[in-house]
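What follows is one structure encoded as structure tokens, with my remarks underneath.
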Amino acid sequence: MTKVVLNDIVQATDGRVAVLLGGNSAEREVSLRSGAAVADALAAQGLAVTKIDTAGDGWMSELAAFSHCFLALHGPGGEDGTVQGALECLGVRYTGSGVMASALAMDKLRCKLLWLGCGLSTPKFVELDERSNWSAIANELGEAIVKPACEGSSIGMSKACNASELEQAWLAAKPYGRVFAEQWVSGGEYTVAILDGEALPAIRLETDAAFYDFNAKYLSDSTRYHCPAGLNDHDEAELRDLALKAFNAVGCRGWGRVDVMRGADGRFYLLEVNTVPGMTDHSLVPMAAKQAGMNFEQLVLRVLHSSLAGEADANGR
């Protein structure tokens, strides 16, 4: 199977692939690590790989020489439809979701509203601004997690247990744009990778931190990852089905990752969908792929292969 996938890629790309990485978001360093790992995996398969940092002024001119690229950009500017739109204009095929789905997924507030409209479960939430009634919101939500609407990697997030903490958490998140408070869900934290229309085995996360923050994701060696997740067959199937429905509702394609909490009531609650998940040595999609029988190089080839089929549509692939 790997040989067939590689042959298809070579035929479509003439064996030349660009990896877009870096960029100017707060997740730049993570993107550089993801992109380097992806580039190494593609080169190990005999492909001619060029790494292009989109923080440079001439990246679009450099990319114009390629027909295909692997997107390893995280956060605003790389995961929100901006780069995807530029690639559409250049006529360069790219991995992952198109313009509209990328923009929706990056905006956690709009994504949650969409899921509610589709009847999919997500924790209760309230958008915050300078006019917010902190006491009323604290009474309504109880314990909450405060998040920038359009950031990733848990950047700008903090937990709040009362009105004063809620306001302080908003002030800390405010530099990253629109902010909302989400009702705290006490229970297991899970993530489900999606690849080619299939939900891979779920991963359960455990951390000694207050929540799965940037340090727990990328730096700590004490974070525990359980794959298999320890769920019974029924619950595993329910979780993977919910993740796939959430992914499809946003219009995502190719690959991604859906993050979910399980409440004390036993229900699964959607948190967010990541359209360009991390591909570092601490990343989750490679763990799920390994459980499904794929090594890292095979995973990278599958992601790239998923970008070969179909023509661009009005929504950006």
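Within segment 87-99, restricting attention to residues that are open to solvent by less than 10 Å² (accessible area, probe 1.4 Å) and of a type outside the set (A, V, I, L, M, F, W, C), the residue that is farthest from LEU304 (Cα to Cα) is GLY98. Which of (1) assigned to a helix (DSSP H, G or I); (2) modelled with pLDDT under 95 is the odd one out, the single condition GLY152 does not satisfy? Failed condition: (1). Starting from residues that are farther than 15 Å from ASN133 by Cβ, assigned to a helix (DSSP H, G or I) and hydrophobic (A, V, I, L, M, F, W, C), keep the ones in segment 170-184 and report whichever is least open to solvent (accessible area, probe 1.4 Å). Filtering segment 170-184 for residues that are farther than 15 Å from ASN133 by Cβ, assigned to a helix (DSSP H, G or I) and hydrophobic (A, V, I, L, M, F, W, C), the one least open to solvent (accessible area, probe 1.4 Å) comes out as ALA173.
Right, GLN84: open to solvent by less than 30 Å² (accessible area, probe 1.4 Å) and of a type in the set (S, T, N, Q) or not? In short, yes. Taking the criterion of being of a type outside the set (A, V, I, L, M) and open to solvent by 10 Å² or more (accessible area, probe 1.4 Å), the residues of segment 1-14 that qualify are THR2, LYS3, ASN7, ASP8, GLN11, ASP14. Being open to solvent by 10 Å² or more (accessible area, probe 1.4 Å) and in a helix (DSSP H, G or I) holds for only one residue in SER25, SER61, SER102, SER34, and it is SER61. Sort out which residues of segment 37-58 are touching a residue at least 60 places away in the same chain (Cβ under 8 Å), open to solvent by 10 Å² or more (accessible area, probe 1.4 Å) and more than 25 Å from GLU151 (Cα to Cα), and write them in order of number. Selection gives ALA44, GLN45.
The values are calculated or read from the model by the stated rules, or taken from the named source; none is laboratory data. Note that the structure is predicted; figures quoted are calculated from it, not measured. Quick reminder, even Gly has a Cβ in these numbers, built from the backbone with ideal geometry, and neighbours come from all protein chains shown. Heads up: the accessible areas ignore ligands, DNA and RNA and are worked out on the full protein's heavy atoms, side chains in. Shrake-Rupley method; radii C 1.70, N 1.55, O 1.52, S 1.80 Å.
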